[in-house]
Amino acid sequence: MSQFKGQARLPKFAVPKRYDVKLKPDLVACKFGGSVAIDLDIVADTRFIVLNAAELSVNAASASFTQPHSSKVFKPSKVDGFEEDGILVMEFEETLPIGLGVLDIGFEGILNDNMKGFYRSTYEHNGEKKNMAVTQFEPVDARRCFPCWDEPACKATFKITLEDVPSELVALSNMPVSEEKVNGPFKTVSYLETPIMSTYLVAIVVGLFDYVEDHTCDGVKVRVYCQVGKESQGKFALEVAVKTLELYTEYFGVHYPLPKLDMVAIPDFSAGAMENYGLVTYRETALLFDDQHSSASSKQNVTITVAHELAHQWFGNLVTMEWWTDLWLNEGFATWVSYLATESLFPEWKIWTQFLDESTEGLRLDGLEESHPIEVEINHAAEVDEIFDAISYTKGASVIRMLQNYLGAEPFQRSLAAYIKKHAYSNAKTEDLWAALEEGSGEPVNKLMNSWTQQKGYPVVSVEVKDQKLKFEQTQFLSSGSQGNGEWIVPITSCCGSYDVRKSFLLKTKSEVLDIKEFLGCSIAETESGSSCNKNNTVCSWIKINVDQAGFYRVKYDEKLAATLRNAIQNKYLSATDKFGILDDSYSLSMACQLSFASLLTLLAAYKEELDYTVLSNLISISRKLARIAADAVPKLLDLINQFFIGLLQYSAEKLGWQPKPGESHLDAMLRGEILTTLALFGHEPTINEASRRFHAYLDDRNMPLLPPDIRKAAYVAVMQRVTQSNRAGYDSLLRVYRESDQSEERNRVLGSLASCPDPDIILEVLNFLLTSEVRNQDAIFGLAVSSNGRETAWTWLKDNWVQISKTWGSGFLITQFVSAIVSPLASFEKVKEVEEFFKAHPNPAVTRTLKQSIERVQINTKWVQSVQGEKDLPKVLKELPSSKY
Ligand code: BES
Ligand code: ZN
C-alpha cells in the first residue's frame, strides 16, 4: 500500500463520475456523520482504490464496491488512511472489473475551528452565541468533508442531501433545493444535482440568515444572505452581482451556468471570499456595505471582490485549471476581469489606474530571487496554499493586461469567448489559453507569453539617449541588486513630448537601438544641457517608455532622460499611470542600490502638487517605507526627512481638509483618509491634535458627523501616536470602540491602528490581545501593522508564541502573513541569522517559501541601509530640497 504515499497526484485507475453525498451536521456537538456513494469508472485493472480523505474516521466495514446488474459485493480487505498525504487506500482481494460501479463509504468527522474543510463559525443571536456550519474546500480540503478524488481535473456531478438540519435554519448548497422534508424539529434538505464540476467548488452553509433577492435579465435568481437584521447591508453587493453577471454573460458569450447564485457573509473566514459554484462565500467586510457606516474603500473592496468571484463562475468553475500549476489561470484572470467589470460599473473610480497599485505587489515579490514562475511546479498538496500569492494574482493579472494591450481589446475578447466555449465543463492549461488567443489574433502568443509565465522574474529595461538614437538593454531586475540571467520578449512602447506620438516594438534580444531622428522632431537629443527645461529654452521634451505602465517591467533612464521626466512631472505633462510608473521604478531601483537615496528624494519633490489618488497613495506608501530605512540608516536625519515627507503632503492635505465636501468624489474620500493617516504617523502635530478632538467627540456620540468612516483610521492612528505605558487613555478608549462595535469593518480598523503606537510595551500588549478570544482568528493579521519601534518586540513575541500561533494558524495560508509581516521589516545581518536559526529549530512546512522570501527581504533592507549610510552628500541634498519646511 505504501507505493501510493508521497505522490503528487492520485493514481488514475478509477475515475469518479457522480457523487451522492449525505451529511448530518450536528451544530451543537460540532461533528458530522455522512455517507457517500460514488459512481466510478474503473479504467485499468486494479486491486486498489486510492482517493482522498483527511481527518475523517472512515467506517471500514461500510465500504463496498458494487456493479450495476450484479449482486456481487466487493468488500475491501484493508482500508488504510495516510494522513500526511490526505489519502485513503482500499485494497481488495480480487481485481476489480473494468467498467462502471459504485463505491459506498460511511464516515464521521468534526466541525473544526480551522476555517477549512467542513468547519464551525460562530455568531450571536439575541445575545446568545450560536454555531453555523460552513465549508471551505479550496485548495485541498474537500477531503476533510467526504472521501473524494480531490483534484481539479476529477470533475463529476454532485447530488447533495443534508439530514437532521434544525428546521429553523437556512441550509444552502451549490444548487437550488429539490426537496425539503420537515420532521418535527429537524428537516432533510435535498438539492438538485450539479453540473459536472471540481470538488474544490462544492459548498454547504447551514445557519441563521436573512436575505435580499433580485434577478438578472435572463432570470438567474441572485440572493445575498446576511446575519439576521443586517440584510440591508447586502443590497449594494446584490446590485453589483446582478450587473456583473449580465456583463460577464455578454463578455464571455456564455450564459451563467446555474439556475441561482447565492452569496453569503460568514463571520469566520480565512480568505477574503470563495467562488464556490452557485454559493459564493465571503468575509463580512468583503460583502456588506452600510451607507452610514462603511468607507469608500470598503465599497470598492466589495465591488472588486464580488466581480472577482463571479468571474470565476466562468473562468475557474466552468473551465477549470487542469492542475494547481495553472492556478494563475484562475486567479490572475479573475483579478484582471474584476477590474474590467469595476471600470464598467464605476468609471469614476479610475480603477485601471488603481490596478497599478496591485501590479506593484507582483513586481515587488517577483523582484526576489526566491520568487517562482507563474506556472509553478506543485509536488504535494501541502505546497498549494503558498502559491495564492502576488505572483499568481497580480503578476498573472498584469501579464494578461500586457497581452490584451498588445493584441487589442476586440480580438482578445473574441478569443476568450472561444476558449470558454471550447473548454466548458472541462479543464484547461495555460497553453490552451494561448492557443485560443493565437488563433483569434494571428499573433505568436505562445512564444511571446512563455517568457513571462515559465520563468520567474521580469526585466528592467535601461534606456540611453546618444547621437539621436535610443539604446534599450534588458537585464533581470532583482531588488537585491544582483544580476539575474532571465531574458524576455518585451513589448516596448514609447512616447516623446506628447501622447499623440508613439512608437512600439518587441524587444526580443538583450539590446536594441532605435533611431529617433524623425521620431517626432523631438528635441531631447539636441538640447545641450539635456537636463531640464530652462527659461531660455522653449523646447522642453521628454521620453516615457512603457506608456501607461501596460508592460510588466521596469525602466531605468539615463541621467538626461530622467531629468526631463522629472521636469515633465513637475509641469504636469504626464498621465497618472506614467507618473506612478516613474515613481515606483525609481523607488525599486533605489532599493536595489542602483539609484541614490538623495536622487530618489529629489524625484519625490517633483510630486509636491500631485492630486491623483493612485499616484499619491503610492507616494505615501513609499514615503513610509523610506522613513523606516532612514530611521535605521541615518537616525540623525530622520526628523528632517519626516518634515520633508510632511511637506510633500501639505498641498493635497490642504485641498482636501478634514471634512468631506458634499458630492465629492470617491477617490477624494479615500485619499483624505490615507493622507491624514500618514501625517499622523509622521508626527504632524496639527493633524494629531485635530484627530484627537474629533475622536473625543466620536467617543461621546458614535453618530455625530465629525468622524465619518473614511477618516476614522486616521483618527485612531493619531490617537495611538500619543499613547504610552503611563498615558493609556487613548488605547483604552479604542479598545472600548472595538468591543462596542458589531461591524467587522470598524473592528478591523481599530485592530489595524493599535500597533502603530511608538511605545514597544504597548505594542506587546496589542500583540497579546490578538491571541485572545476577543479577536477572531481571521482578523489577527490586521493587528500586525507594527511601528518601526515595535519591530524587535514583535519578532520576540512571534518566537515566544510560535507554538500557539503555529497551532492556530499553522496549516492554512494565514500563517504566511504572520511570518511575512513580522520578519520582512527587520534589517540587519544578525537578524537574518537569528531568523534562520529559529526556524531551523521550529520548522513549519506551510511557511517554507514565505520564510525564504522574508529573509531575502531582510537582506535587501540591510544592504539598502548600508548603502544610504554611505551617501555622504545626503544631509546637504536634504537641506536644499524644496518643501522641507512647514
Ligand atoms: N479562490 C480564492 C479564494 C482562496 C484563496 C481559496 C486562498 C483558497 C486559498 C478567491 O477567488 C479569491 O481569490 N479571493 C480573494 C479576493 C479577491 C478580491 C482577490 C481573497 O480571498 O483575497
Ligand atoms: Zn480568485
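Hey, any hits in the range 282-301 for a residue that's under 23 Å from residue 397 (Cα atoms), within 11 Å of ligand 2 (Cβ to nearest atom) and touching a Gly at 6+ places or on another chain (Cβ under 7 Å)?
For the range 282-301, residues under 23 Å from residue 397 (Cα atoms), within 11 Å of ligand 2 (Cβ to nearest atom) and touching a Gly at 6+ places or on another chain (Cβ under 7 Å): absent.
For the range 302-322, which positions are touching a helix residue (DSSP H, G or I) at 6+ places or on another chain (Cβ under 6 Å) and more than 16 Å from residue 243 (Cβ to Cβ)? Can you show your working first?
Initially, the range 302-322 is screened for residues touching a helix residue (DSSP H, G or I) at 6+ places or on another chain (Cβ under 6 Å), giving 302-308, 310-312, 314-317, 319, 321.
Selection gives 312, 315, 316, 317, 319, 321.
Note down all Cβ pairs under 8 Å where the first residue falls in the range 649-665 and is over 19 Å from residue 715 (Cα atoms), the second is assigned to a helix (DSSP H, G or I) and of a type in the set (Asp, Glu), and they're at least six residues apart or on different chains.
Filtered contacts from the range 649-665: 665/348.
In this structure, does residue 395 turn out to be of a type in the set (D, E, K, R), modelled with pLDDT of 95 or more and in contact with a Gly (Cβ under 6 Å, 6 or more places away or on another chain)?
Working: of a type in the set (D, E, K, R): yes; modelled with pLDDT of 95 or more: yes; in contact with a Gly (Cβ under 6 Å, 6 or more places away or on another chain): yes.
Spelling it out, residue 395 is indeed of a type in the set (D, E, K, R), modelled with pLDDT of 95 or more and in contact with a Gly (Cβ under 6 Å, 6 or more places away or on another chain).
When the range 333-368 is examined, which residues are found to be under 25 Å from residue 314 (Cα atoms), crowded, with 22+ Cβ neighbours inside 10 Å, under 16 Å from the mean Cα position of the chain (by Cα) and not hydrophobic (A, V, I, L, M, F, W, C)?
The answer is 335, 338, 354, 359, 362.
Check 51, 100 and return the single one that is under 25 Å from residue 153 (Cβ atoms), surrounded by 18 or more Cβ atoms within 10 Å (Cβ to Cβ) and in contact (Cβ under 8 Å) with a residue 12 or more places away in the chain.
Step by step, each of 51, 100 is checked, and only 51 is under 25 Å from residue 153 (Cβ atoms), surrounded by 18 or more Cβ atoms within 10 Å (Cβ to Cβ) and in contact (Cβ under 8 Å) with a residue 12 or more places away in the chain.
Could you pull out the residue among 820, 787, 806 that is of a type outside the set (Lys, Arg) and touching a Lys or Arg at 6+ places or on another chain (Cβ under 9 Å)?
Every option except 820 fails the conditions.
Taking only the range 369-406 into account, find how many residues are buried (at least 21 other Cβ atoms within 10 Å of the Cβ) and closer than 16 Å to residue 549 by Cα.
10
For the range 568-582, which positions are touching a strand residue (DSSP E or B) at 6+ places or on another chain (Cβ under 9 Å) and surrounded by 23 or more Cβ atoms within 10 Å (Cβ to Cβ)?
568, 578, 581, 582
So is residue 316 surrounded by 24 or more Cβ atoms within 10 Å (Cβ to Cβ) and either of a type outside the set (S, T, N, Q) or more than 12 Å from ligand 2 (Cβ to nearest atom) (or both) or not?
yes
Looking only at residues in the range 301-359 that are within 11 Å of ligand 1 (Cβ to nearest atom) and small (Gly, Ala, Ser), which one is nearest to residue 419 (Cα to Cα)?
316
Could you grab the pairs with beta carbons closer than 7 Å, sequence gap of 6+ or different chains, first residue in the range 740-764 and closer than 21 Å to residue 726 by Cα and at pLDDT 95 or above, second one assigned to a helix (DSSP H, G or I) and of a type in the set (Ser, Thr, Tyr)?
Close Cβ pairs (under 7 Å, with a partner that is assigned to a helix (DSSP H, G or I) and of a type in the set (Ser, Thr, Tyr)) amount to 750/716; 750/738; 753/716; 760/793; 762/731; 763/793; 764/793.
What single numbered condition from (1) under 16 Å from residue 776 (Cα atoms); (2) within 13 Å of ligand 1 (Cβ to nearest atom); (3) buried (at least 24 other Cβ atoms within 10 Å of the Cβ); (4) small (Gly, Ala, Ser) fails to hold for residue 265?
Failing condition for residue 265: (2).
Whether any residue in the range 291-300 is within 10 Å of ligand 1 (Cβ to nearest atom), outside any loop (DSSP other than H, G, I, E, B) and not polar (S, T, N, Q) is what I want to check.
Looking through the range 291-300, none of the residues is within 10 Å of ligand 1 (Cβ to nearest atom), outside any loop (DSSP other than H, G, I, E, B) and not polar (S, T, N, Q).
So is residue 697 assigned to a helix (DSSP H, G or I), small (Gly, Ala, Ser), out of contact with any Cys (no Cβ under 6 Å at 6 or more places or on another chain) and crowded, with 17+ Cβ neighbours inside 10 Å or not?
no
Could you list all residues from the range 841-886 that are surrounded by fewer than 18 Cβ atoms within 10 Å (Cβ to Cβ), among the aliphatic types (A, V, I, L, M) and in contact with an Asp or Glu (Cβ under 8 Å, 6 or more places away or on another chain)?
Across the range 841-886, there are no qualifying residues.
Do we have any residue at all in the range 217-225 that's in a strand (DSSP E or B), farther than 25 Å from residue 418 by Cβ and small (Gly, Ala, Ser)?
No; the residues of the range 217-225 include none that is in a strand (DSSP E or B), farther than 25 Å from residue 418 by Cβ and small (Gly, Ala, Ser).
Starting from the range 127-155, keep only residues that are part of a loop (DSSP other than H, G, I, E, B), then list their pairs with residues that are modelled with pLDDT of 95 or more and basic (Lys, Arg) whose Cβ atoms are within a distance under 6 Å, requiring at least 6 positions of separation or different chains.
Listed by first residue and then by second, the contacts come to 141/116; 150/143.
Residues in the range 360-379 that are more than 16 Å from ligand 1 (Cβ to nearest atom) and out of contact with any Lys or Arg (no Cβ under 8 Å at 6 or more places or on another chain): how many?
Residues that pass the stated criteria total 6.
In the range 147-166, is there at least one residue being hydroxyl-bearing (Ser, Thr, Tyr) and more than 33 Å from the chain's Cα centre (by Cα)?
From the range 147-166, those hydroxyl-bearing (Ser, Thr, Tyr) are 157, 161; that's our starting set.
Filter once more, keeping what is more than 33 Å from the chain's Cα centre (by Cα): 161.
Scanning the range 147-166 turns up at least one residue that is hydroxyl-bearing (Ser, Thr, Tyr) and more than 33 Å from the chain's Cα centre (by Cα).
Out of (1) in a loop (DSSP other than H, G, I, E, B); (2) under 29 Å from residue 711 (Cα atoms); (3) under 18 Å from the mean Cα position of the chain (by Cα), what's the single condition that is false for residue 818?
(1)
Looking only at the range 397-412, decide whether some residue is among the small types (Gly, Ala, Ser), within 16 Å of ligand 1 (Cβ to nearest atom) and in contact (Cβ under 8 Å) with a residue 24 or more places away in the chain.
Checked the range 397-412: at least one residue is among the small types (Gly, Ala, Ser), within 16 Å of ligand 1 (Cβ to nearest atom) and in contact (Cβ under 8 Å) with a residue 24 or more places away in the chain.
Scan the range 268-280 for residues that are more than 9 Å from ligand 1 (Cβ to nearest atom) and either within 16 Å of the chain's Cα centre (by Cα) or surrounded by fewer than 24 Cβ atoms within 10 Å (Cβ to Cβ) (or both) and jot them down.
Correct list: 268 only.
Looking at residue 270, is it within 16 Å of ligand 2 (Cβ to nearest atom), more than 20 Å from residue 155 (Cα to Cα) and without any contact (Cβ under 8 Å) to a residue 60 or more places away in the chain?
no
Pairs needed: first member in the range 4-32, among the small types (Gly, Ala, Ser); second member anywhere, at pLDDT 95 or above and surrounded by 16 or more Cβ atoms within 10 Å (Cβ to Cβ); C-beta distance under 6 Å; at least 6 residues apart or different chains.
14/40; 14/42; 14/49
Is it the case that some residue within the range 745-768 is surrounded by fewer than 18 Cβ atoms within 10 Å (Cβ to Cβ) and small (Gly, Ala, Ser)?
The answer is no, given that none of the residues of the range 745-768 is surrounded by fewer than 18 Cβ atoms within 10 Å (Cβ to Cβ) and small (Gly, Ala, Ser).
Do any residues in the range 75-97 that are over 19 Å from residue 56 (Cα atoms) have Cβ atoms under 7 Å from those of residues that are surrounded by 20 or more Cβ atoms within 10 Å (Cβ to Cβ), where the two are at least six apart or on different chains, and which pairs are they?
92/74; 92/76; 96/42; 96/65; 96/74; 97/42
The values are calculated or read from the model by the stated rules, or taken from the named source; none is laboratory data. Just so you know, these numbers come straight off a predicted model, no measurement behind them. With ideal geometry, Cβ positions are generated from the backbone for all residues, glycine too; neighbour counts draw on all protein chains shown.
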